[in-house]
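Colleague: Please read through the structure below; I'll follow up with questions.
The values are calculated or read from the model by the stated rules, or taken from the named source; none is laboratory data. Since the model is a prediction, treat every value here as computed from it, not as a measurement. We place every Cβ from the backbone using ideal geometry, glycine too, and count neighbours over all the protein chains shown. With ligands, DNA and RNA removed, areas are computed over all heavy atoms of the protein, side chains included. Shrake-Rupley method; radii C 1.70, N 1.55, O 1.52, S 1.80 Å.
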Amino acid sequence: MAVNISEGSMIIKTEPDSDDSIPKSDKQTLLAVLQFLKKHNLKETEHLLKQEAKVTDDDLKTEDDKKTEVSQALAAVYKSDDDPSLYEDLYRDLKNFIDSCLDVHKVELSTILYPIFVHMYLELVYNDHEWNAAAFYSKFWQDQEEHRHEDLAKLSSVRSKEHMSGNQLLENFKTSKFVLRMSRDSYTHLKRHLQEKRLSPLLTIIQDHLFIDVFDGVPRTQQQILATSGGLLGEVDKDANKAKVFYGLLKEPDLNIQFDDEEEAAEGEEKPKKKKSKKDPLLMKKSKNDPNAPPLTRIPLPELKDQDHRERAIAYREAKKRVKLDHNHLPSICFYTFLNSYQGVTSVDISDDTSLLAAGFTDGNVRVWSLTPSKLREMKKPDDLDIIDKEADDVMERIFDDRSASDNKLLVGHHGAVYALSISPDRAYLLSSSDDGSIRLWSLLVWTNLVCYKGHNYPVWDVKFSPYGYYFVSAGQDRTARVWATDHYQPLRIFAGHLADVDCCQFHPNSNYVATGSSDKTVRLWDMLNGSCVRIMTGHKSTVHCLQFSPDGRYLAGGGADNVVVVWDLSTGAAVAQLKGHTGIVYSVCFSRDGAMLATGGLDDSIRLWDMQKILAEQDTEADTSIPSNVTVNDSPSLLLGTYLTKNSTILGLHFTRRNLLIGCGPYAAPT
């Protein structure tokens with residue numbers, strides 16, 4: 001017998017010895033024998049065997065049996081004795097009441113129709129009123145908002161009680177309440193109507209399956225509701241975004257950068273007189289203590305090596321030559337097109353210094369190109385490295401074998417399509433995620449696979465390195481995102497909470513947070529410190545495919561299958577802008593290096609530039625966002641600064657160089 005004694009309290013807890021429990025293999029054998037006896041109605045023998053083996057029926061239940069019991073218990077919430085023929089009249093009565101209300105209340109009250117429709121339909125199905133359920137669905141499904149039609153199509157496949165188990169959408173509706181936010185005046189109107197008419201079935205559905213968050217204030221407008229609606233289970237609970245978020249940037253280390261005379265005098269021109277140059281405000285902010293930044297020791301980050309200091313010094317020099325962008329000064333755009341890509345390009349990534357371009361293909365291969373005149377070389381063999389002078393100034397050049405130089409390198413290892421790539425900040429490693437459920441870490445020095453990380457049960461849709469390297473995050477079909485370290489084969493954190501596939505992920509610039517976008521149409525922000533969800537952001541009406549943080553860390557932009565780009569303020573979790581203009585899925589979003597501009601691209605073969613300066617200037621930072629009717633979302637068409645069409649190339653990736661040149665890339669698809 002094992003004994004646990006907790007300190008101070010002297011509470012003794014006894015646990016059964018492991019010898020008393022039935023081993024898994026023996027349990028399966030015993031279960032098979034008992035099932036055989038039961039099948040042939042040998043009750044006495046079955047009873048004696050159970051008695052001798054000292055097992056109960058519960059001990060012999062399989063995981064599938066337990067899941068079935070849970071599923072049946074959850075489905076039982078739809079048990080009802082109400083007359084099925086009344087459901088149409090009840091729903092029609094509610095709809096007519098809402099239509100008869102004043103416009104100021106009608107907009108808010110109409111949001112209740114969709115969840116009521118869903119749960120009424122499921123009640124009819126569960127109680128074996130299949131004909132009534134089909135008639136109810138056919139009469140009212142087209143009245144629902146257009147962005148709900150995809151979910152309703154899945155729901156319509158549930159025609160009997162047996163279909164209710166295993167349906168992902170249905171499981172979400174059964175286990176979680178649909179969240180609605182409504183002003184007190186609108187809610188009072190609704191409550192009075194339901195009580196006066198004694199519509200008990202409707203009251204029961206609202207009480208059991210809906211969570212109505214009532215707020216004090218004027219009712220919201222159509223625009224305000226559309227800006228926050230669309231989530232699989234409605235809007236966000238008012239308490240979901242109350243946690244403090246340290247969205248500021250970490251203080252940069254002192255680099256002691258010395259500029260050579262040759263660098264100061266451009267292209268051999270006469271050396272100009274020294275004058276005090278204006279510093280980039282973003283660089284200034286990084287070098288000072290940001291009041292919104294997390295403590296430096298909050299998350300353990302890798303120590304900077306000498307090479308890292310040199311890289312940062314080079315990046316600082318490049319930033320000093322950065323072009324300032326605004327609505328009168330738009331960036332130049334360079335587009336890399338993949339021609340004759342018969343294997344199908346599925347993912348791209350460009351290194352931070354714009355020296356490398358990586359692409360993943362449907363056949364599982366990854367190819368890396370050099371975007372500079374320098375060729376890609378392999379490191380010399382160990383025997384050759386031993387004879388190199390380690391103290392030489394050019395040791396980083398000597399370790400490479402010039403005979404292996406080429407414009408591109410091929411990496412082979414995955415057994416399925418490569419859905420995402422991420423090049424490490426120091427350009428020493430490359431991450432790839434695939435349909436085969438694995439994540440691979442590749443060395444860009446010896447051009448081979450180093451580690452294969454296995455943790456996701458299904459395809460891995462996205463993977464991203466931390467801005468500081470070492471950590472990386474992955475997102476998969478198993479509805480989870482996972483944080484890993486390159487030297488650990490098991491994940492350090494598992495973020496679970498999304499109701500559908502997690503399709504994209506992104507590290508915050510300070511590496512303390514991770515953002516994830518999902519097919520449940522929401523975006524979540526997770527704290528690396530404890531794995532908790534600190535923000536839930538809505539506004540998208542379909543799957544979220546891409547995310548990007550602003551350079552100052554305060555804003556998050558997301559693009560999705562609804563052809564819309566939404567910008568959120570992380571300090572409150574509220575949407576500040578909805579950018580409409582794309583006519584296809586948005587696959588890539590990217591902020592300029594100074595945060596003044598946002599570039600987006602996708603399936604409509606276009607790159608669009610948006611004015612972030614105008615969005616921030618028109619944002620009401622004083623408004624109390626805890627009251628939904630105070631939130632204003634900027635969706636002005638004037639935010640669009642320019643549209644640039646490709647011939648027939650989908651935009652899979654966008655990247656601003658350190659000097660604010662915009663680079664795009666994607667495969668060319670021949671017109672059919």
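Colleague: Among the residues of region 599-617, are any crowded, with 18+ Cβ neighbours inside 10 Å and in contact with an Asp or Glu (Cβ under 7 Å, 6 or more places away or on another chain)?
Modeller: Checking region 599-617: not a single residue is crowded, with 18+ Cβ neighbours inside 10 Å and in contact with an Asp or Glu (Cβ under 7 Å, 6 or more places away or on another chain).
Colleague: Can we say LEU652 is farther than 21 Å from TRP369 by Cβ, open to solvent by less than 60 Å² (accessible area, probe 1.4 Å) and in contact (Cβ under 8 Å) with a residue 24 or more places away in the chain?
Modeller: No: the conditions fail for LEU652.
Colleague: Still on this structure, please answer the following. Does LYS174 satisfy the condition of being in contact (Cβ under 8 Å) with a residue 60 or more places away in the chain, touching a helix residue (DSSP H, G or I) at 6+ places or on another chain (Cβ under 6 Å) and not β-branched (Val, Ile, Thr)?
Modeller: Yes; evaluated as a whole, the condition is true for this residue.
Each row is one residue, and each column tells you yes or no for (1) closer than 19 Å to LEU357 by Cβ; (2) within 26 Å of the chain's Cα centre (by Cα); (3) of a type in the set (Lys, Arg).
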| residue | (1), (2), (3) |
| --- | --- |
| GLU391 | no, no, no |
| ASP394 | no, no, no |
| TYR429 | yes, yes, no |
| SER433 | yes, yes, no |
| ASN457 | no, yes, no |
| TRP461 | no, yes, no |
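Colleague: Also: For region 210-244, enumerate the residues that are closer than 20 Å to LEU170 by Cβ and either aliphatic (A, V, I, L, M) or buried (at least 21 other Cβ atoms within 10 Å of the Cβ) (or both).
Modeller: Once the filter is applied, which keeps residues that are closer than 20 Å to LEU170 by Cβ and either aliphatic (A, V, I, L, M) or buried (at least 21 other Cβ atoms within 10 Å of the Cβ) (or both), region 210-244 yields LEU210, GLY230, GLY231, LEU232, LEU233, GLY234.
Colleague: Can you tell me which residue within region 105-127, out of those that are more than 16 Å from SER138 (Cβ to Cβ) and modelled with pLDDT under 90, is surrounded by the most Cβ atoms within 10 Å (Cβ to Cβ)?
Modeller: GLU123
Colleague: What helices (runs of 4 or more DSSP H), lying completely within region 167-238, carry at least 3 residues that are under 31 Å from the mean Cα position of the chain (by Cα) and of a type in the set (Asp, Glu)?
Modeller: Result: empty, no element qualifies.
Colleague: Please go through region 630-643 and pick out each residue that is hydroxyl-bearing (Ser, Thr, Tyr) and buried (at least 17 other Cβ atoms within 10 Å of the Cβ).
Modeller: Scanning region 630-643 gives a single hit, THR632.
Colleague: Among the residues of region 382-396, write down those that are surrounded by fewer than 11 Cβ atoms within 10 Å (Cβ to Cβ) and either under 18 Å from ASN449 (Cβ atoms) or acidic (Asp, Glu) (or both).
Modeller: Within region 382-396, ASP383, ASP386, ASP389, GLU391, ASP393, ASP394 meet the criteria.
Colleague: Please enumerate the residues belonging to region 334-343 that are surrounded by 14 or more Cβ atoms within 10 Å (Cβ to Cβ) and either hydroxyl-bearing (Ser, Thr, Tyr) or within 18 Å of TYR419 (Cβ to Cβ) (or both).
Modeller: If the condition is that a residue be surrounded by 14 or more Cβ atoms within 10 Å (Cβ to Cβ) and either hydroxyl-bearing (Ser, Thr, Tyr) or within 18 Å of TYR419 (Cβ to Cβ) (or both), then TYR336, THR337, PHE338, SER341, GLN343 are the ones that fit.
Colleague: How many residues are free of Cβ contacts under 8 Å to residues at least 40 places away in the same chain, closer than 28 Å to GLY517 by Cα and either open to solvent by 10 Å² or more (accessible area, probe 1.4 Å) or not in a strand (DSSP E or B) (or both) if we restrict to region 436-464?
Modeller: Number satisfying all stated conditions: 9.
Colleague: Follow-up question, since we're still on this one. Could you please let me know if ILE399 is surrounded by 13 or more Cβ atoms within 10 Å (Cβ to Cβ), of a type in the set (A, V, I, L, M) and farther than 15 Å from ILE350 by Cα?
Modeller: Judged against the criteria, ILE399 is a match.
Colleague: Residues that are in contact (Cβ under 8 Å) with a residue 60 or more places away in the chain: which helices (runs of 4 or more DSSP H) entirely in region 83-166 hold 2 or more of them?
Modeller: Answer list for region 83-166: 86-100, 103-109, 113-126, 149-155.
Colleague: Using beta carbons and a limit of 6 Å, which pairs, at least six apart or on different chains, have the first residue in region 177-190 and within 18 Å of ASN630 (Cα to Cα) and open to solvent by less than 60 Å² (accessible area, probe 1.4 Å) and the second one part of a helix (DSSP H, G or I) and of a type in the set (D, E, K, R)?
Modeller: As it stands, the answer is MET182/GLU108; SER186/GLU108, since those pairs meet every condition given.
Colleague: Sticking with this structure for a sec: Does any residue of region 584-603 turn out to be modelled with pLDDT of 95 or more, assigned to a loop (DSSP other than H, G, I, E, B) and under 16 Å from the mean Cα position of the chain (by Cα)?
Modeller: Yes, the conditions are met somewhere in region 584-603.
Colleague: What is the number of the single condition among (1) open to solvent by 50 Å² or more (accessible area, probe 1.4 Å); (2) without any contact (Cβ under 8 Å) to a residue 40 or more places away in the chain; (3) part of a strand (DSSP E or B) that TYR489 does not meet?
Modeller: TYR489 satisfies all of (1) open to solvent by 50 Å² or more (accessible area, probe 1.4 Å); (2) without any contact (Cβ under 8 Å) to a residue 40 or more places away in the chain; (3) part of a strand (DSSP E or B) except (3).
Colleague: How many residues are over 13 Å from LEU421 (Cα atoms) and in contact with an Asp or Glu (Cβ under 8 Å, 6 or more places away or on another chain) if we restrict to region 354-380?
Modeller: Number of matching residues: 8.
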